[in-house]
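One structure is given below, encoded as structure tokens.
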Amino acid sequence: MNRVVDALAPAVLILLLLAGWEAACRLTGVPAYFLPPPSKVMLAAASGLTVLVPAAWNTLSVALVALVLAAGAALALALLVGLSPLLERAVRPLASALQVTPVVAVAPLILIWVGIDHPERAVIALAVLVAFFPIFSGTVTGLRSADPDLERLFDLYGASRLQRVLRLRLPAAVPFLMEGLKVGAGLAIIGAVVAEFAAGSGGVRGLAWQILDAGNKLQTDRMIAALVVLAVMGVAVHAGLERLEGAGLRWWRGR
Amino acid sequence: MSPTAALQEVEVDYQGRGRALGPLSLTIEAGEIVALVGPSGCGKSTALRLLAGLEPATRGQVHRAVGRGETSVVFQAPTLAPWMSAAANVALPLELAGTPRPEARARAAEALARVGLAGVGESRPAQLSGGMAMRASLARALVTRPRLLMLDEPFAALDEITRRTLADDVLHLWSETRPAIVFVTHNVEEAAYMASRIVVLTRGPGRIAGEVRVDAPLPRPPGFRAWPVFAEAAEAVSGLLAAGSEAVA
């Protein structure tokens, strides 16, 4: 009984909010370009579905490609840094400086460098930039997370540096790597959307472009419909990754 | 016979914490079972790591007659890698030393059988009970056929019944290959039951408060805990512990 109530609670809240919104629009007679009622948004979403779904896929595929590239680069660099403490000290400040610089601020530069002929590459590059750091720092932390007594056993049995990395530190880092991938995937979507905004008109036709285009035409219902699709996509990706992480952890722990 | 390992006037200082151990001299003869007993923080685990060659002494000398791969350590926690099966964990020391995988796995299965874990090789550590995980840890220590076996409070996290059974099992396993065993404990009865010689350390930084020999057959005969020699040894160790604590307090 309680579980049914728990599951229904968010749906009920959403319905209540939508009903309040609809009622407010009808009672106040606010113009639709300013705030369209949810019924109009739903109509816009339904009629625009053939445009919105491919647009969502554009954004999602950019984010996924960026995630794969970022994961590869982050893992390789983390391993190098894990092998050499000196390299880590050298890389750390640079890495954090890049990390705290907002992607919007870097976007114009990247667009000049790679985006003039291939705007989609610039969008991928920007998404890689934001997805890289959680994976990198997660893996670096993970590589140092092995049980100190297990490290002592590796000392005792005279393990080589390579054996220590491959048989102890890398497997010990797996849960951290999975957490980093989960966070990185979420950021890759955000990065892709921000980059699409920065790229501006027409080069890359993802969800952000849909929002921009509708905004320029003052089609507020289309803007909100695109936002809703974006939110639904984000929630779905997050839930999927959460499950994947759970399954991965069960496999890693054997339970 | 030359000693298996020895500490000569060693001292260990830790940065920021001051002296942790010593001055301390201790000789471990081949095949003997020595218990290191002392209050928390007296440096007994440090002494164990010195004997194992895992840590250098700040001053003094550490002599080890055992080569690489002839020393094994069992820690307070089972310290098994969660991502590997029990058999892979036990085979690890051999594989790190370059033993071919099939042979390492065969010897791991044999070692698991010796500690009473035949058939659980494919289980992951998370699927084993505390006692079983400790046995797997013991199997990993024995798989290299060490000449020096270090046990760092190995049964501290286990219930009384399990630790008594494991104590007998360790003694029987010892009688098969007779490695020198050094084990750290703060349990007086456990020390008197398992060791032929009990070295009592003072409150930290640990020095030797005294030594008690237990002249009785090893492995222990049934009902040994009711023997006068057991009770006397335990009493003597308790007395030394109390004296060692007062000396500094």
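See the values below:
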quantity: Number of the exception - A:A74 against (1) part of a helix (DSSP H, G or I); (2) surrounded by fewer than 17 Cβ atoms within 10 Å (Cβ to Cβ); calculated: (2)
quantity: Filter result for A:V100 (buried (at least 18 other Cβ atoms within 10 Å of the Cβ) and modelled with pLDDT under 90); calculated: no
quantity: Whichever residue in the range B:77-86 is under 22 Å from the mean Cα position of the chain (by Cα) and of a type in the set (A, V, I, L, M) and, among such residues, is surrounded by the most Cβ atoms within 10 Å (Cβ to Cβ); calculated: B:A86
quantity: Looking only at the range A:204-237, and only at residues there that are surrounded by fewer than 15 Cβ atoms within 10 Å (Cβ to Cβ) and either touching a residue at least 40 places away in the same chain (Cβ under 8 Å) or within 22 Å of A:A192 (Cβ to Cβ) (or both), the one that is farthest from the other protein chains (Cβ to nearest Cβ); calculated: A:L218
quantity: Condition check for B:P154: surrounded by 15 or more Cβ atoms within 10 Å (Cβ to Cβ), modelled with pLDDT under 90 and touching a strand residue (DSSP E or B) at 6+ places or on another chain (Cβ under 9 Å); calculated: yes
quantity: Pair list, Cβ < 7 Å and 6+ apart or interchain, from the range B:89-106 residues that are charged (D, E, K, R) to residues that are surrounded by fewer than 19 Cβ atoms within 10 Å (Cβ to Cβ) and part of a helix (DSSP H, G or I); calculated: B:E95/B:R101
quantity: Filter pass, A:A185 being within 29 Å of A:H238 (Cβ to Cβ), away from chain B (no Cβ under 14 Å) and at pLDDT below 90; calculated: no
quantity: Count - residues of the range B:25-49 that are part of a loop (DSSP other than H, G, I, E, B) and under 22 Å from B:A167 (Cα atoms); calculated: 7
quantity: Residue match in the range A:80-96 (condition: under 20 Å from the mean Cα position of the chain (by Cα) and under 18 Å from A:K182 (Cβ atoms)); calculated: no
quantity: Residue in the range B:110-121 that is closer than 21 Å to A:L156 by Cα and modelled with pLDDT of 90 or more present; calculated: yes
quantity: Within the range B:133-172, considering residues that are within 19 Å of B:I28 (Cβ to Cβ) and over 13 Å from the mean Cα position of the chain (by Cα), the one farthest from the other protein chains (Cβ to nearest Cβ); calculated: B:R145
quantity: Unmet requirement for B:A226, which otherwise passes all of (1) closer than 26 Å to B:V10 by Cα; (2) surrounded by fewer than 20 Cβ atoms within 10 Å (Cβ to Cβ); calculated: (1)
quantity: Residues of the range B:169-193 that turn out to be in contact with a Lys or Arg (Cβ under 7 Å, 6 or more places away or on another chain) and either surrounded by fewer than 16 Cβ atoms within 10 Å (Cβ to Cβ) or of a type in the set (S, T, Y) (or both), as a count; calculated: 2
quantity: Among (1) touching a residue at least 24 places away in the same chain (Cβ under 8 Å); (2) in contact with a Leu (Cβ under 9 Å, 6 or more places away or on another chain); (3) of a type in the set (S, T, N, Q) - the single one A:T141 does not satisfy; calculated: (2)
quantity: Residue in the range B:115-124 that is assigned to a loop (DSSP other than H, G, I, E, B), within 8 Å of chain A (Cβ to nearest Cβ), surrounded by 15 or more Cβ atoms within 10 Å (Cβ to Cβ) and touching a Phe, Trp or Tyr at 6+ places or on another chain (Cβ under 6 Å) present; calculated: no
quantity: Residue, surrounded by the most Cβ atoms within 10 Å (Cβ to Cβ), within the range B:48-76, restricted to residues that are among the small types (G, A, S) and within 12 Å of chain A (Cβ to nearest Cβ); calculated: B:S72
quantity: Hits in the range B:90-114 - residues which are buried (at least 23 other Cβ atoms within 10 Å of the Cβ) and at the interface with chain A (Cβ under 10 Å from one of its Cβ atoms); calculated: B:L92, B:P93, B:L94
quantity: Complete set of residues in the range A:158-178 that are surrounded by fewer than 21 Cβ atoms within 10 Å (Cβ to Cβ), outside any helix (DSSP H, G or I) and facing another protein chain (nearest Cβ under 7 Å); calculated: A:G158
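The values are calculated or read from the model by the stated rules, or taken from the named source; none is laboratory data. Note that the structure is a prediction, hence the values are computed from the model and not measured. Backbone-built Cβ (ideal geometry, glycine too); neighbour counts: all protein chains shown.
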